[in-house]
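Engineer: I'd like to ask you about the structure that follows.
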Amino acid sequence: MQTVEDSALQSQVDRILHSDELRASEVLRRLLRFLADKSLAGEADQLKEYAVAIDGLGKDPSYDPRHNSAVRIQVGRLRQKLAEYYRTEGIDDEFVVDLPKGRFKLTCEPRCVHVEPPALPPVVEPPPKIGPATKPLPAASFLLYAAVTLALALGISFWMHASHVQARSATVDWSADLQALWGPFVNSKQPSILAIEDPLFIELNSEPGIYYRDKSLNQWKDVVGSPTVAAIRATMKNASIQPSRYYTAYGEVDVAFMLGKLLGPQERNFSILKTSQLCWRQLADNNVIFVGVQNLFFDEQLHGMPLEPQLVPFQEGIRNVHPQPGEPTEFIDQYSTAPTEEGFAYALVTHLPGPLRSNDVVSFTSSRSAGYVAAVQWFTDPNLAQVLVANLKKASEGQMPRYYQALLKVKFRDDIPTETTYVLSRELH
């Protein structure tokens, strides 16, 4: 029996096959029909490049994937045609068919509907004062407690809203360099989403309640299998656990205010969202600005984007995938966390096209909040933006790159950036 999802895929593929976008290309029509049949039959995950060449493209049996890239070329063209279809003829279609990179299985998902955030009241009570930290149990002295200022999403939304209301009196001068950095967002007809990191905490049900945060545990399946979490539960008489994403750090609040102050007067269709609630369809239908710890976003959201990043975060810093002469292969953070928080961390700014190449995604990431706060400062202060744009152009033969990555080195003390320097950049093709 055909499922609802299969029915939607079949119907949507039929619509695309008869669209103007594919009408002139019999090769791509045949390939799409073949991949759809295999996807509906549950056989797409087992497909090999040779089979796609012979049965999907009609190539000669002598086809050798090692010396012929016809399949990869045609699959790439099909992916681009799908993106173009949904940007034009299929802009109002209820379902979206996609062909993720590295796979032959088509996906079909309902299009997310962008909902405007509710209007904020004219008067908002100040957030409640944060009480003293819960005293740790002696037997669980190795617990890592969040010793940072916590902010609720409502408070962030209010500050962004307030910055928009007060735009006439507190507007940042909109320079040519700021336009070079933010033009793809403010000139776009698509709405923009500010995605704020909401890291995964583990709530241990006890009296009083205890929250545990391990930076290496960002998915619940990892939490369930963690020996450390099991040891913590054992010291607390096997207390039950559940995920919690209620909190974010002060750095995200600071960043939200800066971006609201800058972009509020330029763009009214601007909303805020927890990163954990950002679905793939929203990432394709909206311009997205992400701020937070690098691994959370790169691992969960940027995988499979049309362009491959050349600078990749890892736990100790930033990896330089293709170092140029004289460049290191890794940029390692160096800082202390106790008794004082100081040192330096690298901040990475990545500007990519969305999954369908019809929108823009920019992320400000670092292992420390001081890192991404400093990076956003360079994108919101006209004087710092001038320095950044000059370096981006210098690294890209005098032209402002459409898509790029920029690496900054941020010195900080008590998680406050004290000095930021430009390191290098990469134009992404």
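Read-outs: derived from the displayed coordinates by stated rules, not from any lab. Quick caveat: nothing in here was measured; it's all calculated off a predicted structure. All Cβ positions, even for glycine, are placed from backbone atoms using ideal geometry, and neighbour counts span all protein chains on display.
Engineer: What FRET efficiency would be calculated for the residue pair Arg33, Arg402, taking the C-beta separation as r and a Förster radius of 35 Å, to the nearest 0.05? Don't skip to the answer; put the middle values down first.
Structural biologist: Values: r = 33 Å, r/R0 = 0.95.
Once the sixth-power term is evaluated, E becomes 0.55.
Engineer: In the stretch 178-275, what % of DSSP beta bridges are antiparallel (nearest 5)?
Structural biologist: Working: 7 of 12 bridges.
Around 60 percent of the beta bridges assigned by DSSP in the stretch 178-275 are antiparallel ones.
Engineer: Another question, then. Pairs to check: Lys101/Lys411; Lys215/Lys411; Lys101/Lys189. Give those whose C-alpha atoms are more than 31 Å from each other in this structure.
Structural biologist: Values: Lys101/Lys411 37 Å; Lys215/Lys411 21 Å; Lys101/Lys189 27 Å.
Beyond 31 Å: Lys101/Lys411.
Engineer: Calculate the spin-label point distance for Glu330 paired with Ile416, positioning each point 7 Å from the Cα along the beta-carbon direction, and give it in nanometres.
Structural biologist: Roughly 3.2 nm, to one decimal.
Engineer: Given R₀ = 41 Å, FRET efficiency for Asp14-Glu427 by Cβ-Cβ distance, to 0.05?
Structural biologist: On the way: r = 40 Å, r/R0 = 0.96.
Calculated value: 0.55.
Engineer: While we're here: Sort 277-285, 319-327, 254-262 for me by packing, meaning the mean count of neighbouring Cβ atoms within 10 Å per residue, highest on top.
Structural biologist: Details: 277-285: 18.4, 319-327: 10.9, 254-262: 22.7.
The peptides rank, most packed first, as 254-262, 277-285, 319-327.
Engineer: What percent do you get for the relative contact order of the stretch 4-110 when only Cα pairs under 8 Å and 6+ apart count?
Structural biologist: Numbers: 103 pairs, mean separation 33.3, N = 107.
Contact order relative to length: 31 percent.
Engineer: Can you compute the modelled spin-label distance between Arg77 and Val387, with each label point 7 Å from Cα toward Cβ, in nm?
Structural biologist: Here the modelled spin labels are 4.8 nm apart.
Engineer: Would you please put 186-193, 331-338 in order of how densely packed they are, using the mean number of other Cβ atoms within 10 angstrom per residue and starting with the highest? Each step should come with its number before you reach the end.
Structural biologist: On the way: 186-193: 16.2, 331-338: 13.4.
By packing density, highest mean first, the sequence is 186-193, 331-338.
Engineer: For the stretch 348-412 and the stretch 44-94, what is the separation of their Cα centres, given in Å?
Structural biologist: 33
Engineer: According to a simple spin-label model (label point 7 Å from Cα along Cα-to-Cβ), what is the distance in nm between Arg245 and Asp45?
Structural biologist: Each label point lies 7 Å from its Cα, and together they span 2.4 nm.
Engineer: Full-extension gain between Lys101 and Asp55, please, as 0.36 nm times their residue separation minus the C-alpha to C-alpha distance.
Structural biologist: 14.6 nm
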